[in-house]
Amino acid sequence: MNKAKIFEKLYSYLYTVGTYDKAKIASFVGKTIDAAAYKEITGDEYVETIQTAN
């Protein structure tokens, strides 16, 4: 099992038990998981958010 799969399983567990929400899982996309893993965990498509400076 590679590191990405380990993180996916960990985040999936933490999401299932309510420790992490969708926003927290989304914060890991591009760092330790990819968009496909996000969909696998949450059931939703990953949509990248763009932050603007105010």
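The values are calculated or read from the model by the stated rules, or taken from the named source; none is laboratory data. Quick caveat, the model's predicted, so the values are computed rather than measured. Here the Cβ is made from the backbone with ideal geometry for all residues, glycine too, and neighbour counts use every protein chain on show. Each accessible area value is taken on the protein alone, full model and side chains, heavy atoms only, with ligands, DNA and RNA left out. Shrake-Rupley method; radii C 1.70, N 1.55, O 1.52, S 1.80 Å.
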Relative to the longest principal axis of the C-alpha atoms of the chain, give the angle of the C-alpha long axis of helix 3-16, reported between 0 and 90° and rounded to the nearest 10°.
-> 80
Return the calculated 222 nm mean residue ellipticity for the chain, to the nearest 500 deg cm²/dmol, obtained by summing -39500 (n - 2.57) across DSSP H runs with n ≥ 4 and dividing by the residue count.
-> -14000 deg cm²/dmol
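Hey, can you find the accessible area per residue of the chain for me, probe 1.4 Å, expressed in square angstrom? Intermediate values should be presented prior to the final figure.
On the way: 4260 Å² over 54 residues.
The answer is 79 Å² per residue.
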Fraction of accessible area attributable to carbon and sulfur, the chain (%, probe 1.4 Å) = 53
Please identify every one of the trypsin sites (Lys or Arg not before Pro) in the chain that sits in a loop by DSSP and has no more than 15 other beta carbons within 10 Å of its own beta carbon.
-> K31
